[in-house]
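One structure below.
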Amino acid sequence: MKLKDRNRGPVGGWFYKYTLKRDGLDFPATVWGSTWNNLISNIEKDMRANAVEVPVDLEYQVEQQICARQPEDRCWPQSGDVVANVIHSMARVIDSVTGTKLERKAKGCKACGRRRERMNKIL
């Protein structure tokens, strides 16, 4: 998903959650910002301060997380999202006719999720 307008504040505000790992323990971290650019800058500072490697695709990850919290009218679906929605719709129809559990399998497919993300980044 892609934000339609990065200048318009998202529902719930500009924030990003990630996990800090220390000595085998996980600690939740939330970083806030006042704008898109300020949020990205704050996340990078926070990650560096906590010795967390800043991902190459940080902006993509932040945008995906923010769009997951937004109403449908705030984000554009990308090509990978559209393909995934078609697959889930087809699986739902097949499940209703044949009684299989294809949609549940499609939702749990980690390789499919990675493929969708790659398509979103490319197209």
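The values are calculated or read from the model by the stated rules, or taken from the named source; none is laboratory data. As the structure is a prediction and not an experimental result, all values here were calculated from the model. Reconstructed Cβ throughout: ideal geometry from the backbone, glycine too, with neighbour counts over all protein chains shown.
Can you tell me which residue within the range 55-75, out of those that are outside any helix (DSSP H, G or I) and either hydroxyl-bearing (Ser, Thr, Tyr) or surrounded by 13 or more Cβ atoms within 10 Å (Cβ to Cβ) (or both), is nearest to the chain's Cα centre (by Cα)? Show your work before the answer.
Our first condition is that a residue be outside any helix (DSSP H, G or I); within the range 55-75, this holds for 55-57, 69-71, 75.
After this cut, where a residue has to be either hydroxyl-bearing (Ser, Thr, Tyr) or surrounded by 13 or more Cβ atoms within 10 Å (Cβ to Cβ) (or both) as well, the list is 55, 69-70, 75.
Values: Pro55: 14, Arg69: 9, Gln70: 11, Cys75: 12 Å.
Among those that are outside any helix (DSSP H, G or I) and either hydroxyl-bearing (Ser, Thr, Tyr) or surrounded by 13 or more Cβ atoms within 10 Å (Cβ to Cβ) (or both), it is Arg69.
Being outside the structural domain of Glu117 (by TED's automatic domain parsing), among the charged types (D, E, K, R), over 24 Å from Arg116 (Cα atoms) and touching a residue at least 12 places away in the same chain (Cβ under 8 Å) is the requirement here; does Glu44 meet it? Give the derivation first.
On the way: outside the structural domain of Glu117 (by TED's automatic domain parsing): yes; among the charged types (D, E, K, R): yes; over 24 Å from Arg116 (Cα atoms): yes; touching a residue at least 12 places away in the same chain (Cβ under 8 Å): yes.
Here the answer is yes, as Glu44 does meet what is asked.
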